[in-house]
Amino acid sequence: MRKALRWLLTLTMLIGTVSAASAATAAETDVTAGTDIKERLLSVPGMSLLEEKPYTGYRFFVLEYTQPVDHRRPSRGTFQQRITVLHKDVARPTVFFTGGYNVSTTPRRSEPTQIVDGNQVSMEYRFFTPSRPDPADWSTLDIWQAASDQHRIHRALEGIYPKKWISTGGSKGGMTATYYERFYPRDMDGVVAYVAPNDVVNKEDSAYDRFFREVGTEECRTRLNGVQREALVRREALSRKYEALAAKNGYTFDTIGSLDRAYEAVVLDYVWGFWQYGSVADCAQIPADAENATDDEIWTSVDTISGFSFYTDQGLSPYTPYYYQAGTQLGAPTIRFPHIEKKYVRYGYQPPRHFVPRSIPMTFDRRAMRDVDTWVRHNARRMLFVYGENDPWGAEPFRIGRGARDSYVMTAPGMNHGADVAGLVDEERALATARILDWAGVAPDAVKADPAGAKPLAKFDRKLDVRDIEREPALHR
C-alpha cells in the first residue's frame, strides 16, 4: 500500500479589488482566433513558456505567469507562478484544476475534464517551490491571496477559452476550489470539490473520534489499533532502527525538535493514514497479532503506511506552506487514542507550529473557516462536494443549507481519500455527471431530458486520467 502522509491538507475577511493590471489582462489576450494556441498563450502579458510536451489529441504547455506577491498591494513585487495548460479546443469548456500543492508537469486530466471533454488549466499553489516569492513574505500566504491568483489567471485566459469554466480539485485542492468560489463567485460556471475537509471550529474534533470508532470492520480496527499501540510500547527498540535510518540517509530533526517527537508523530499517523488511502481489503496486510509480531513486522507496517522519513527536516520542508496554512487558517484535526495507555503517548497530536521552522511567524485566524462555511451553506450555486465513506477527512464535510441552489453533497460508499464521481451509487453518479455537463454547457439533449443516461464525453485514458491526489502529510494539529 502507498505511504500515506496524513494530514496536509485560510482567510482574510476583506475582499480586495482587482488591480488595474489584472483587469486589463482579459482584453489583452483576446487575439485573433486563427493564431496558433501557443502564440495566443504567450501573448498574455507576463506569460512565458517553460516546456511543451506532446500528447495525442492535446497540446500540453508548462508555463510561468507573473503574479503580484500581494494582490492588495501590487507594487510590493511579483513572483513567477507555474501553471500548465492541457489544450484540446478553444470551442470546448475549460476546467480549472489545482491540487493545492505543486503542479504536475506531466499531462493529466481531472475527472471533470474527462466528463466534459474539455481543456484543463492547472495552477501551482503559491509558496510551493518554485512558485515562491523571494524573499518570502509568509503573511501573503492565505486563501484570499491564492483565490486571487486563480482569479487573475482566469481573467488572463478567458479571452482565449471563452466557453464555460468549472473549477475543481481534490483534498486541499477541493478546499481551494471552494475558497475561490467564495471570494470570486462570478468567475466559474460550476465547482466540483473532491474530499474537501471543512474544519469550522479548530478545537472541536469529536467527529473524527466518532469516525474511527465506526469505520470499516471491528476486526480491521483491532488490527490497526494493535500495531499502533505496539509501536509505542516498543518505542526504545524501534527508535534505534529509526536512528540507524536517519544516520544512513542524513536525516535531521531540527524543525520538529527531536527524533523521539518524529517517531511518535509517525506512529500516531498510522491508523489515519491507513483509512485515508487504504480499504477494508487491505487489512489482510496488517499483522493480526501485534503483541507477538516481530519488531521488523511492526516497523514495516508503520513505515509502509506512515513513512518514517516524513517528519524529518527533509520530509517536512516541501510541505511548509501547507503546515503554515493549517496553523494560520485551515485548522487541523486532533484525535484521541483510547486504545493506548497514556504512559505510552508523550506528545499527542502535535500542532502545525511544530512542523514549520520557528523563523516563520504564525497566528491562527479563527474567523477564516467559519466565514467560508457560512457562505457555502447560504450561497452555494452550482457546487458539488464528493466524499468517500471511509475517508477520515470526510468526518467534517461541507454542508449546504436552504440558501444553496443547484448544489449537492454526495458520498461514495466504501471509498477513501480518492473518492470520485465514478464511485458514487448509480443514481447519484448519473445526477452528478449530468449537472457537470450542464454547468459546462455541453449536456446532450438526451441527458437534459433524462439525467440517468449521463456519461463522460471523453473515453477513459489510462495514462491521462491518473487520479493522483497529493499524498498529504497526516498533520496533527
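The values are calculated or read from the model by the stated rules, or taken from the named source; none is laboratory data. Predicted, not measured: the structure shown is a model, and the values here were computed from it. Cβ: placed from backbone, ideal geometry, glycine included. Neighbour counts: every protein chain shown. Quick note on the areas: whole protein, heavy atoms, side chains included, nothing else; ligands and nucleic acids left out. Shrake-Rupley method; radii C 1.70, N 1.55, O 1.52, S 1.80 Å.
Is there a residue being over 23 Å from residue 170 (Cβ atoms) and either aliphatic (A, V, I, L, M) or open to solvent by 10 Å² or more (accessible area, probe 1.4 Å) (or both) anywhere in region 271-278?
Residues of region 271-278 over 23 Å from residue 170 (Cβ atoms): none.
Scanning region 271-278, I find no residue that is over 23 Å from residue 170 (Cβ atoms) and either aliphatic (A, V, I, L, M) or open to solvent by 10 Å² or more (accessible area, probe 1.4 Å) (or both), so the answer is no.
To keep it simple, each residue is scored yes or no on (1) surrounded by fewer than 18 Cβ atoms within 10 Å (Cβ to Cβ); (2) in contact with a Gly (Cβ under 9 Å, 6 or more places away or on another chain).
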| position | (1), (2) |
| --- | --- |
| 370 | yes, no |
| 373 | no, no |
| 379 | yes, yes |
| 382 | no, yes |
| 389 | yes, yes |
| 402 | yes, no |
| 423 | no, yes |
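Annotation note: of 127, 97, the sole residue that is of a type in the set (Phe, Trp, Tyr) and open to solvent by less than 40 Å² (accessible area, probe 1.4 Å) is 127.
Answer yes if at least one residue in region 313-331 is open to solvent by 30 Å² or more (accessible area, probe 1.4 Å) and closer than 17 Å to residue 146 by Cβ, and no otherwise. Walk me through how you get there before you give the answer.
Initially, region 313-331 is screened for residues open to solvent by 30 Å² or more (accessible area, probe 1.4 Å), giving 314, 317-319.
After this cut, where a residue has to be closer than 17 Å to residue 146 by Cβ as well, the list is 319.
Yes, region 313-331 has at least one match.
Evaluation of residue 254 against the conditions (1) touching a helix residue (DSSP H, G or I) at 6+ places or on another chain (Cβ under 7 Å); (2) open to solvent by 50 Å² or more (accessible area, probe 1.4 Å); (3) of a type in the set (Asp, Glu); (4) outside any loop (DSSP other than H, G, I, E, B) shows that the sole unmet condition is (4). Screening the candidates 398, 364 for the property of being surrounded by 19 or more Cβ atoms within 10 Å (Cβ to Cβ), among the hydrophobic types (A, V, I, L, M, F, W, C) and assigned to a loop (DSSP other than H, G, I, E, B) yields one hit, 398. Scanning region 304-335 for residues that are in contact with a Leu (Cβ under 8 Å, 6 or more places away or on another chain), in a loop (DSSP other than H, G, I, E, B) and under 14 Å from residue 353 (Cα atoms) returns a single hit, 332. Filter region 25-58 for residues that are of a type in the set (A, V, I, L, M, F, W, C), part of a loop (DSSP other than H, G, I, E, B) and over 29 Å from the mean Cα position of the chain (by Cα); which is modelled with the highest pLDDT? The residue in question is 33. Residues considered: 103, 90. Of these, the only one that is in a loop (DSSP other than H, G, I, E, B), open to solvent by 10 Å² or more (accessible area, probe 1.4 Å) and farther than 17 Å from residue 52 by Cα is 90.
I want to confirm something. Restricting to region 143-161 and keeping residues that are open to solvent by 10 Å² or more (accessible area, probe 1.4 Å) and in contact with a helix residue (DSSP H, G or I) (Cβ under 6 Å, 6 or more places away or on another chain), which single residue is farthest from residue 456 (Cα to Cα)? Applying the filter and picking the extreme gives 152.
May I ask you to verify whether residue 462 is charged (D, E, K, R), surrounded by 17 or more Cβ atoms within 10 Å (Cβ to Cβ) and within 23 Å of the chain's Cα centre (by Cα)? When the stated conditions are applied, residue 462 does not pass them.
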